[in-house]
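The block underneath contains the structure these notes are about, expressed in structure tokens.
The values are calculated or read from the model by the stated rules, or taken from the named source; none is laboratory data. Bear in mind that the values here come from a model prediction, so they are computed numbers and not experimental data. So basically every Cβ, Gly included, is an ideal-geometry build from the backbone, and we count neighbours across all protein chains shown. With ligands, DNA and RNA removed, areas are computed over all heavy atoms of the protein, side chains included. Shrake-Rupley method; radii C 1.70, N 1.55, O 1.52, S 1.80 Å.
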Amino acid sequence: MGIFKKKRLAAATIVYWFLLLYIIAALVWWFVALNRQSHQMAVYQLVELKAGDPAYLQKLEAITTEEKRKNAQFIGEGAIFLLVILIGALFVYRAVRRQIKMTQQQQNFMMAITHELKTPIAIAKLNLETLQKHKLEESKQQKLILATLQEANRLNTLTNNILISSQLEGGGYKLLKEELDLSSLTATYVQYCRSRFPERKMDSRVEEDIDISGDPLLLQILVNNLLDNAVKYAPPASIIHFSLYKNAQGIFLKCADEGPGIADEEKKKIFDRFYRIGNEQVRKTKGTGLGLYLCKKIAADHNAGISVTNNHPAGSIFTVHFYV
């Protein structure tokens, strides 16, 4: 199926460039034909002139001037037509490429979301069937219940990301700003992340009494997505550093991991909707390409900016800067 689509795309590209070159060639031919016709008319008029005519020199100059004027007119019109054609061709080419890119990203999203939905559902179903069919010890029962709840929370996070992303993109989400304790919210979700991933090492430094005007749900998603992203890409034995502090420049929320890092040419692209690094068909890391996109949208809605820099010796540092 992928090979068939690539062949169709290649055929469409060839037809596009052929038509463009044909139009340009036709324009050049039109210019040459008109220029030749103008020259022939001038020659015919010169032949008709009589050397003994008292106005011979004036008529000769008039014919020459008219030929030059016609040539300049053809050049000007041809240049304008060529410019319009090239601008239109560039616009069409960029629009088609953008559409192809968006279609591919949406296909990648569907592949990713299918996997992301099936996995927690399958795990939860297996755990519940095990509890139904077997009489387990209390400790084992609690372990299975905890695992099921974690998968349910993962599904909840996933559906929230999809719904909020759609509402923010379409302008259907009503931002509810209120005064809230960002320190408490951050500390709560860092602790929640620790309970979800007890095997992961997390170093959190949250400064107390940092208040902000914002939407509680969106800020929860922001903190959760940053932590979730770090957990996905950081090695299991590494430490995830999460901090919240305030200084004269504003409020800073930082999440640093020791993962593979992000290439410089990818750093701006990772905040695009549906964008994920690599090939979806061979990717091992979970995700839908909405997490960082939502982080950027939520930051923008709270008068903040988000950036990514290299961590040393390895990994990335995501920084959200609230301009307050």
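A few remarks follow.
- On the stretch given as segment 179-190, residues that are surrounded by fewer than 18 Cβ atoms within 10 Å (Cβ to Cβ) and either hydroxyl-bearing (Ser, Thr, Tyr) or modelled with pLDDT under 90 (or both) total 2.
- The listed residue being at pLDDT 85 or above and within 53 Å of the chain's Cα centre (by Cα), out of Tyr22, Tyr16: Tyr22
- One residue stands out in segment 235-258 among those that are over 29 Å from Ile212 (Cα atoms) and touching a Lys or Arg at 6+ places or on another chain (Cβ under 8 Å): the one that is modelled with the highest pLDDT, namely Ser238.
- Residue within segment 217-228 that is open to solvent by less than 60 Å² (accessible area, probe 1.4 Å) and out of contact with any helix residue (DSSP H, G or I) (no Cβ under 7 Å at 6 or more places or on another chain) present: no
- Contact map, segment 5-26: residues that are open to solvent by 60 Å² or more (accessible area, probe 1.4 Å) paired with residues that are in a helix (DSSP H, G or I) and not hydroxyl-bearing (Ser, Thr, Tyr), Cβ distance under 8 Å, separation 6+ or inter-chain. Pairs shown: Leu9/Ile100; Ile23/Ile85.
- Scan of segment 52-80 for residues that are part of a loop (DSSP other than H, G, I, E, B) and either open to solvent by less than 90 Å² (accessible area, probe 1.4 Å) or polar (S, T, N, Q) (or both), ordered by number: Gly52, Asp53, Ala55
- For segment 291-300, a residue qualifies if it is modelled with pLDDT under 90 and more than 11 Å from Asn229 (Cβ to Cβ), and exactly one does: Tyr293.
- Segment 42-77, residues that are of a type in the set (A, V, I, L, M, F, W, C) and touching a residue at least 24 places away in the same chain (Cβ under 8 Å): Ala42, Phe74, Ile75
- Take the conditions (1) modelled with pLDDT of 90 or more; (2) open to solvent by 70 Å² or more (accessible area, probe 1.4 Å); Ile277 misses just one of them, which is (1).
- Test: Asp211 is under 12 Å from Cys255 (Cβ atoms), surrounded by fewer than 20 Cβ atoms within 10 Å (Cβ to Cβ), at pLDDT 90 or above and more than 30 Å from the chain's Cα centre (by Cα): no
- Across segment 288-324, the qualifying residues are those that are assigned to a loop (DSSP other than H, G, I, E, B) and closer than 19 Å to Leu168 by Cα, and the one among them that is most open to solvent (accessible area, probe 1.4 Å) is Asn303.
- Among the residues making up segment 27-51, none is open to solvent by 90 Å² or more (accessible area, probe 1.4 Å), of a type in the set (Val, Ile, Thr) and in contact with a helix residue (DSSP H, G or I) (Cβ under 9 Å, 6 or more places away or on another chain).
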